[in-house]
Each structure stands twice: as structure tokens, then as C-alpha cells.
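Have a look at the structure below before the remarks.
Derivation of every value follows stated rules applied to the coordinates shown; laboratory data play no part. Please read these numbers as outputs of a predicted model, since none were measured by experiment. Here the Cβ is made from the backbone with ideal geometry for all residues, glycine too, and neighbour counts use every protein chain on show.
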Amino acid sequence: MMAINNLSKWFCKTLYRTTHRQQYQHNKNLWPFFKVVRNASGGIENVFFKNKPINTAVLDKQRRSKPLLIMATGPSINHIDMRFFNDSLDYFGVNGASSMEHIDFKWYAITDRNFVLRRLSLVKALVAQEDLTLFCPYTTLETIFTNIEWRHIRCRFKVFEAASGACVYKFLAAKEPVVVNDEHYHWLDGAGFSDNIERVLFDCGTVVYPALQIACALGYRQIYIAGLDMNNFNQPRFYETADDKLGTQLDRDFAQISHSFYAAQSYCELNNIQVVNLSPDSAIDAFPKLSWEQVARRAS
């Protein structure tokens, strides 16, 4: 059974469209099922679904004792010895990374609502984990709570608002222009990088990009990224087969994605944050590349 009835949702969406101006239309799937309470600085403090409070994570930037590994889903993951993924690292998963069931993910991000729809069983298992914090935009949150019953949802959520182009699409508020001179935004030739989860995150076309912004905002100073291949789009992701492979727009958006990671590298260099790409043949050249064997030898 769906958490929101389709007929009820259609009726509310139609009513919302006729009673709200264009700058609010991105919220048409949210009203009246969701409610947002903001703090004095405008950040999202609490979120309610059908008048019940969602378990919202409270985060602060702190010095992290372990390096972080952001687990993307490129085929190169299949070439890493599973013993490399041990408890010397914290883990941040995206999309289908949780298919590696032996990894204890501390953080997670899903930005594409279509991923939720097409991998619903995987997402259902993910949100059932009490010790996990899931970062997502309101579009993903809405899709989760529309399609998964409340009793199956136990994780913590941190809802962020994403900048797309020159606008920020606000959760149950009007869209607004990006404040270019915000002190928490770093720019490189038009590409933005944010270290303030409460304000906005920039989405360049791949979930790894907001995940990296979140990692920096959480206080990690040493970050590894695995599976960031970006050069084998015709191949299944590490958890897929040729028969169940989902489509991708990464090849279409590659130029923007590649450029944005240089903005990320520029921010990290200025803030003494080390980022290493564990995909030696990756098409993303912004960060130093090391194989998992090289990293393992350094740690031993």
C-alpha cells in the first residue's frame, strides 16, 4: 500500500497549481502532506509528514577521527578487494552503494527521485536502518514517503535545498536566486561549491558532488572517493547486471560535471582538505588518483 493515495495526491496537486504563483509550483507534490519549520537563519529545522515529525538529524561541523570514503557506484568498485573496506574508515554511500551489505554506512545521499522509484526495494531496506543519516532534497523525501509506509522508515533525514542553475528551489517556499556573494559558497568559473548544508548545496548532475560538499561541511579532512569512473557509461554499475541496468544522463552532463569537480578541488585545496580518487582510470582529473592497493600499503 502506498503511503499517499494517488487520487488524493492528484486532487491536492491540482488545487495547489490553481492557488499558488509560478515561483511556488515546484512544491505541487508536497502540499498539504508536508510541513516545514525553519530556524532564525532560514535553515530547515523540522519536517512533518501528515502532521507527524520526521526524524531529522542535527549536525555540527567537527574534527572527524577517521578518513571518509564516499562510495559511488562505477564498475571499478568490482576491482577493489572487499577487505579494503574495513572499519578504519567512515562510509558515505550514494544511490545503490548499499548493495554492499557488509559495509556499515554512516551517511548516505540520494538526489534522484527516479532512483527511489526504480530501486524501491533497495531504498526500503536503506531507510529501515536506525543508525543511518540520509541526505536528500525534498523531491527525494516526497518520493520516499509517498511510496514507503511510515512504519518501515527508521533512519534520520537531513533535507537540503539544491541550487539548479541560478535558482534555489525552496522546500514549501518560493524559489529564489542564488546569492552569489554568500561567504559559504566557493566559485570557479561559474561552478559553485557550498560548505553550508543549511543554506544550499550545488547539484552539477551527479550525486557525488553534493555528497562531497556534505563531507566537507561535516568536518572531514581526508576523503577518498571510490567508483567515480565517469568513462564507462555503457557498462552496468557495480551492483547491476546488463539486464537490469538503469539509464544515465552522466554522459550528456559530463562537461558540466567535470568542470564542477575542479571547483570542488579548488575549495578543498584552500581549506586543507585532501581528496583522493580511487578510480585510477577515472575521467575526473580534478583530484589525485591512487589505487586501493596504494592506499592500503600506505595505511599498513
Point to revise | Where trypsin sites (Lys or Arg not before Pro) fall in DSSP loop in region 249-300, at most 12 other Cβ within 10 Å | key: Arg252
Check your understanding: What angle, in degrees between 0 and 90 and rounded to the nearest 10, separates the Cα long axis of helix 6-19 from the longest principal axis of the Cα atoms of the chain?
Key -> 70 degrees
Exercise for review: May I ask for the angle, rounded to the nearest 10°, between helix 208-218 and the longest principal axis of the chain, with both axes built from Cα atoms and the value confined to 0 to 90°?
Suggested key: 90 degrees
**Study point:** Where GluC sites (Glu not before Pro) fall in DSSP loop in region 119-158, at most 12 other Cβ within 10 Å
**Key:** Glu130, Glu149
Review point. Can you give the angle from 0 to 90° between the axis of helix 138-147 and the longest principal axis of the chain, with both taken from C-alpha atoms, to the nearest 10?
Key: 70 degrees
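Shape call for region 54-299 from the C-alpha gyration tensor, a ≥ b ≥ c root eigenvalues: rounded (a/c under 1.5), prolate (a/b greater than b/c) or oblate?
Rounded, since a/c falls under 1.5.
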Practice item. Work out how far the C-alpha atoms of region 172-233 reach from end to end along every principal axis, then list the three figures in whole Å, largest first. Key: 37, 28, 28
Exercise for review: Counting helices only, and only those DSSP H runs with n ≥ 4, report the 222 nm mean residue ellipticity of the chain as the sum of -39,500 (n - 2.57) divided by its residues, in deg cm²/dmol to the nearest 500.
Suggested key: -7500 deg cm²/dmol
Review point. Which whole-Hz couplings ³J(HN,Hα) result when phi for each residue of region 229-234 is put into the Karplus expression 6.51 cos²θ - 1.76 cosθ + 1.60, θ = phi - 60°, listed in order with x for Gly and Pro?
Key: 7, 6, 8, 9, 5, 7
Study note, to complete from the structure: Computed over region 28-179, the convex hull of the Cα set has an average projected area, in nm², of 10.6 nm²
Review point. How long is region 144-195 along each principal axis, judged by its Cα atoms, biggest number first, in Å?
Key: 45, 22, 16
Check your understanding: How big is the shadow of the Cα convex hull of region 113-163, averaged over all directions, in nm²?
Key -> 3.2 nm²
**Study point:** Kirkwood Rh (inverse of mean 1/r, distinct Cα pairs), region 25-89, angstrom
**Key:** 16.2 Å
Check your understanding: Which whole-number percent gives the relative contact order of region 54-299, counting Cα pairs below 8 Å spaced six or more residues apart?
Key -> 23 percent
